[in-house]
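Student: I have a structure I would like to understand better, so I am pasting it below and will then ask my questions one at a time.
Nothing in this text is a laboratory measurement; each read-out follows from the coordinates by a stated rule. Nothing here was measured: the structure is a model prediction, and the numbers come from that model. Note that each Cβ is placed from the backbone with ideal geometry, even for glycine, and that neighbours are counted across all protein chains shown.
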Amino acid sequence: MNTLFLTTDDIRRITRHVGLNQLLDELIVRLEKAIGAFDPEVTIVPERDGFDYHHPFPGLLEWMPVMQLGEKAVIKVVGYHPRSPVINGMPTILSTVSAYDTATGHLMALADATFITALRTGAASALASKHLAHPDSASLGIIGCGAQAVTQLHAISRVFKVKEVLVFDTSEVAMNSLQERVAPLGLRVSPTPLESLIARADILCTVTSVDPGAGPVFPDLNLKPWLHINAAGADFPGKVEVPLTVLHRAFVCPDFPGQALKEGECQRLAPEEIGAPLEEVIKSPGDFREFREKTTVFDSTGWALEDMVTLDLLIECANDLGIGTPLNIESLSEDPKNPYGFLGDLGSETPAGTGKVRETARV
C-alpha cells in the first residue's frame, strides 16, 4: 500500500494551478461548512500536547490530533521557535501533517504543513471576522509583521473590502519588509505608530512572538467600540497579546475552548467570562449578530479540525491534477504475521549475512 507524499514542490504546483486566491477562497468556504457541521461525537479533537524547552533556545514541539470516526485520523506536528528566523534563517513555525486510515493504521498521506498552518490560521480569522466584525469594516490593523501577518491580511481581504492596512512591529526590519511580501498579492500596507493603528482599526490582528509574561502588545486606549480582534499569537501558557480590560468588556470567542483556557487569551478569564466558541457562532449566526456593534475577540489557538480540512483540500487537488509521489513506506508482505517477509527470499544467506555494523556494548 502506498502513501501519498506531497512535497513543497507539489504544493507549489497545486497552488499555481488553482491560484492562491481561489485556493484560499475555497478553504474559507470549506472551513465554514466543516465548523458549521462539527459534531464532537463524530469528529474527535483532543487538546494538543507536546514538549516545551529552553535549550538550545526557547521552543516547543507539539502534536495536534483529530479523528473522523470510521474514516481517518490526522496528526500535525508543529515546531515553534521564535528565535529561529534570526539564529537559523528559518521560519518560526515548521510543521508536517500525516493522515492515517483508522481501519488499518495505514499511513495514507504525508505533507508539509507549514503552508497549511499559515493558510488555515488566516482562513479562521477571516471567518471569525465575517461573523463578528462590523460589516462595514474597512480599516485593518496588524500587530506583528512576521509570517502569519501575510495570511491574516490575505484572508481578511478576501472577505472584507479593506481600504487601509496599518501595520506595526517592534522590529523595523519585519515591519518595513512586509510590503514586499504582500505585493505579489496586490496588497498594500502602511507602517503606522502603534497608538494610531489601534485607534483607526475596525479589525485588529495580533500575530506576535511576544514572550510569556511580556504581553499585552497594545494598550487599551482609544479603541473603536465595534473593534474586532483576531488574537492569533497567544498559543502558550503565559503568552498573551490583548489587555485584560479589553477582554473583560468584550465578547470573547475561542476556537477551541478547553485549549484556549490553558494557553490562549482565555487563560486569564473565568469560564463564565468566555462567550460562545466559533462553532456556535457559525451554526447560529443570527444569535450573535448584535456583537458586530460591540468589542469582540477571536481567541485563535489553532484547531486541528482546520488542519484536516486544509489537508483534505490539498489531497483532493493533488488527486485531480495527478500531483504527488506514491511511496512504499510501510514494510508490508504477503504474510501479515511475518515482520521479515518484506525482505524477500534471503536464499542461502545466513541471518548473520556478510556485512558489518558498528558493535555496541552489550548489557
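Student: If I take every Cα pair under 8 Å that is 6 or more residues apart in the chain, average their sequence separation and divide by the length, what percent do I get for the relative contact order?
Tutor: Once normalised by length, the contact order is 18 percent.
Student: Sticking with this one: I want to check the label-to-label distance for residue 96 and residue 343. Put each point 7 Å from Cα in the C-beta direction and report it in nm to one decimal.
Tutor: Distance between label points: 2.5 nm.
Student: Could you work out the longest stretch of the chain that avoids the GluC sites (Glu not before Pro) located in DSSP loops with at most 11 other Cβ atoms within 10 Å?
Tutor: It runs 42-333.
Student: Could you give the length gained by full extension between residue 164 and residue 12, i.e. 0.36 nm per residue of separation minus their alpha carbon distance, to one decimal place?
Tutor: 51.8 nm
Student: Shifting gears a bit: Report the label-to-label distance for residue 222 and residue 294 in nanometres (one decimal), using points 7 Å from each Cα along the Cα→Cβ vector.
Tutor: 2.6
Student: For the chain, with the dipole built from +1 on Lys and Arg beta-carbon atoms and -1 on Asp and Glu ones, taken about the Cα centre, which of 157, 301, 34 lies farthest toward the positive end?
Tutor: Highest projection toward the positive end goes to 157.
Student: As a footprinting exposure proxy, order 299, 49 by other Cβ within 10 Å, with the fewest listed first.
Tutor: 49, 299
Student: Now, a different point. Would you mind checking the tilt of helix 147-157 against the longest principal axis of the Cα atoms of the chain, expressed as 0 to 90 degrees and rounded to 10?
Tutor: 60
Student: R0 = 25 Å: FRET efficiency of residue 185 with residue 136, Cβ-based, nearest 0.05?
Tutor: Calculated transfer efficiency: 0.65.
Student: Counting Lys +1, Arg +1, Asp -1, Glu -1, what net charge surrounds residue 184 among other residues with beta carbon under 14 Å of its beta carbon?
Tutor: Overall, the nearby charge balance is +3.
Student: Expressed as a fraction of 2.2 N^0.38 Å, the rule-of-thumb size for a compact globular protein of N residues, what is the C-alpha radius of gyration of the chain?
Tutor: Expressed relative to 2.2 N^0.38 Å, the Cα Rg reads 1.10.
Student: Working out 0.36 nm times the residue gap between residue 335 and residue 86, then minus their Cα-Cα distance, what length gain in nm do you get to one decimal?
Tutor: Extra length available between residue 335 and residue 86 comes to 84.5 nm.
Student: Using a 10 Å Cβ count of at most 14 others and DSSP loop calls, identify the longest part of the chain lacking such trypsin sites (Lys or Arg not before Pro).
Tutor: Longest stretch, sites excluded: 189-336.
Student: How far, in nm, would the chain grow between residue 171 and residue 20 when pulled straight, counting 0.36 nm per residue and subtracting the alpha carbon separation?
Tutor: Fully extending the segment from residue 171 to residue 20 adds 51.6 nm.
Student: Given the rule -39500 (n - 2.57) for each run of at least 4 DSSP H residues, summed and divided by the residues of the chain, what is its mean residue ellipticity at 222 nm, to the nearest 500 deg cm²/dmol?
Tutor: Rounded to the nearest 500, the figure is -9500 deg cm²/dmol.
Student: So, counting K/R as plus one and D/E as minus one, what does the shell of residues with Cβ under 10 Å around residue 212 add up to?
Tutor: Summing Lys/Arg as +1 and Asp/Glu as -1 gives -2.
Student: Set the bar at 27 Å for Cα to Cα. Now go through 76/262; 76/294; 72/130; 33/72; 76/239; 163/224 and name every pair that lies beyond it.
Tutor: Over 27 Å apart, Cα to Cα: 76/294; 72/130.
Student: Once you sort the root eigenvalues of the Cα gyration tensor of the stretch 15-158 as a ≥ b ≥ c, which label holds: rounded (a/c under 1.5), prolate (a/b larger than b/c) or oblate (the other case)?
Tutor: Oblate, since a/c reaches 1.5 and b/c is not below a/b.
Student: Comparing 117, 301, 92, which has the greatest mean-square fluctuation in the GNM of the chain with Cα pairs linked when under 10 Å apart?
Tutor: Looking only at 117, 301, 92, the biggest GNM fluctuation is shown by 92.
Student: Around residue 234, under 10 Å between beta carbons, what's the net of Lys plus Arg minus Asp minus Glu among the other residues?
Tutor: It works out to a net charge of -3.
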